[in-house]
Amino acid sequence: MPTPEKHALLSASSAERWLNCTPSARLAEDMPDKSTQYTEAGRLAHAIAELKLRKQYLEAMGPRKFTTALNKLKADPHFEPEMLSATDEYMDFINETFLAFPARPYITAEQQVDFSEYVPEGFGTADCIMIGGGVLHIVDYKNGAGKPVEAERNPQMMLYALGAASRYCLMYDIRTVRMTIVQPHAGGVKTWETSYAELLDWGANTVRPQAEKAYRGEGEQVPGSWCQFCKLKGNCRARGQHLALEAFGQKPAPTYSDEEIGGILRRAQGLAAWVKDLEEYALSQVLAGRTVPGWKAVAGRSVRKFDDMEKAFADIKAAGYEEALLYERRPLTLAAIEKVLGKKAFQDAAGAHVVTPPGAPTLVPDTDRRPALNAAEEAFKNQQ
């Protein structure tokens with residue numbers, strides 16, 4: 001698996017944010033990146049996709065070498081079997097696109113591209129680049145299952161395209177630029193196309209002036225959908241005001257004080273439940289045939305299932321497969337075992353092995369009856 005790259009201040013992945021809210025990059029530059037199960041799963045899925053692409057097009061890789069490399073990735077604690085089928089969808093698109101070129105195109109994987117001509121110190125890594133027949137095609141794999149990522153005028157993809165064009169324009173004739181998002185868990189495959197001339201115009205007249213302001217940390221904070229992955233989002237005054245929290249202070253600084261944060265949290269305790277209630281009410285209205293402007297009801301993500309599991313298993317066994325293949329042996333949870341044995345029998349047999357570790361720190365109002373954690377004590381525990 002490739003070593004995680006150093007991120008540029010004005011990265012392609014955060015372009016939507018710094019193009020709209022130019023001071024955000026400098027305001028958040030000293031805040032640490034937070035790794036989550038989703039980012040780690042995405043990193044792993046990208047590594048699997050890269051391995052498959054390299055085997056197919058870029059490296060002489062026999063079955064044994066490929067299987068060994070894949071098994072190392074599958075040993076990662078964030079591995080999920082569905083990553084294999086999702087990256088197969090990515091490869092299906094790559095293969096179809098590759099074969100659709102009039103002649104064998106140039107293809108590469110995980111290529112670092114430099115777009116510093118438009119963005120100070122700007123660089124990034126494109127998942128897949130194909131060039132041929134006057135077409136530059138950038139393909140990006142997205143592992144997320146939440147919000148579908150659109151390909152049309154996607155600034156991350158357009159910056160990758162600018163960087164790729166800068167790298168390859170002297171070697172290849174580029175007239176058309178295509179950008180594709182492959183997101184198997186949300187939205188599938190989406191492609192957008194523009195001319196090379198329009199891409200260059202966007203880079204020179206839209207990106208460059210905003211990027212220069214962002215690099216200097218200039219401009220106004222502008223909240224919007226791009227706040228979702230901003231490291232400053234929990235302490236951004238402009239976002240708080242945008243969410244109708246103007247009453248909690250004026251604008252002397254870009255962040256809130258601890259005293260202001262305490263007041264906001266006290267006033268906002270019921271906000272999350274209220275929003276959830278509003279969502280449930282709006283859904284009921286839409287399902288009843290009424291119109292809630294700006295909203296609609298759609299089918300949620302569907303999961304395959306057997307219409308009759310017993311009959312399905314019977315047919316599988318009739319086809320000659322062993323019954324043992326259809327079941328997994330897993331230990332019951334502590335609570336489930338206690339329920340099966342009964343509390344007294346459970347205590348007699350296994351009570352000596354039961355421990356109750358402390359729960360994770362949780363923020364609650366100071367009216368809560370539980371004792372407050374000692375900050376120094378917690379810091380000492382974390383160092384052990």
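A few comments on the model shown:
- Residue within region 185-194 that is surrounded by fewer than 19 Cβ atoms within 10 Å (Cβ to Cβ), over 22 Å from the mean Cα position of the chain (by Cα) and small (Gly, Ala, Ser) present: no
- Qualifying residue in region 110-131 (condition: in contact with a Lys or Arg (Cβ under 8 Å, 6 or more places away or on another chain) and over 30 Å from TYR215 (Cα atoms)): no
- Taking the conditions (1) touching a residue at least 12 places away in the same chain (Cβ under 8 Å); (2) more than 19 Å from TYR57 (Cα to Cα) in turn, PHE93 satisfies each one other than (2).
- When THR68, THR97 are screened for being among the hydroxyl-bearing types (Ser, Thr, Tyr) and under 19 Å from LYS190 (Cα atoms), only THR97 passes.
- Residues located in region 18-75, provided they are crowded, with 16+ Cβ neighbours inside 10 Å, in a loop (DSSP other than H, G, I, E, B) and not hydrophobic (A, V, I, L, M, F, W, C): THR22, PRO23
- Some residue of region 288-306 being among the small types (Gly, Ala, Ser), surrounded by 10 or more Cβ atoms within 10 Å (Cβ to Cβ) and part of a helix (DSSP H, G or I): no
- Apart from one condition, SER302 fits all of (1) within 26 Å of GLY146 (Cα to Cα); (2) of a type outside the set (A, V, I, L, M, F, W, C); (3) at pLDDT 90 or above; the exception is (3).
- Within region 352-365, the only residue that satisfies the criterion of being at pLDDT 90 or above and over 16 Å from THR333 (Cβ atoms) is ALA352.
- Residues of region 99-124 satisfying the condition of being under 27 Å from the mean Cα position of the chain (by Cα) and buried (at least 19 other Cβ atoms within 10 Å of the Cβ): ILE107, ALA109, VAL113, PHE115, TYR118, VAL119, GLY122, PHE123, GLY124
- Listed by position, the strands (runs of 3 or more DSSP E) enclosed by region 132-247 that each have at least 3 residues that are in contact with a Gly (Cβ under 8 Å, 6 or more places away or on another chain) are 176-183.
- Residues of region 126-149 classified as under 12 Å from the mean Cα position of the chain (by Cα) and surrounded by 22 or more Cβ atoms within 10 Å (Cβ to Cβ), total: 3
- Scanning region 76-102 for residues that are under 20 Å from THR180 (Cβ atoms) and either part of a loop (DSSP other than H, G, I, E, B) or not assigned by TED's automatic domain parsing to the domain that holds GLY163 (or both) yields a count of 2.
- Among the candidates ALA86, ALA60, the residue that is over 21 Å from the mean Cα position of the chain (by Cα) and modelled with pLDDT under 95 is uniquely ALA60.
The values are calculated or read from the model by the stated rules, or taken from the named source; none is laboratory data. This is a predicted model, so every value here is computed, not measured. A quick note on method: Cβ atoms are made from the backbone with ideal geometry, for glycine too, and the neighbour counts reach across all protein chains shown.
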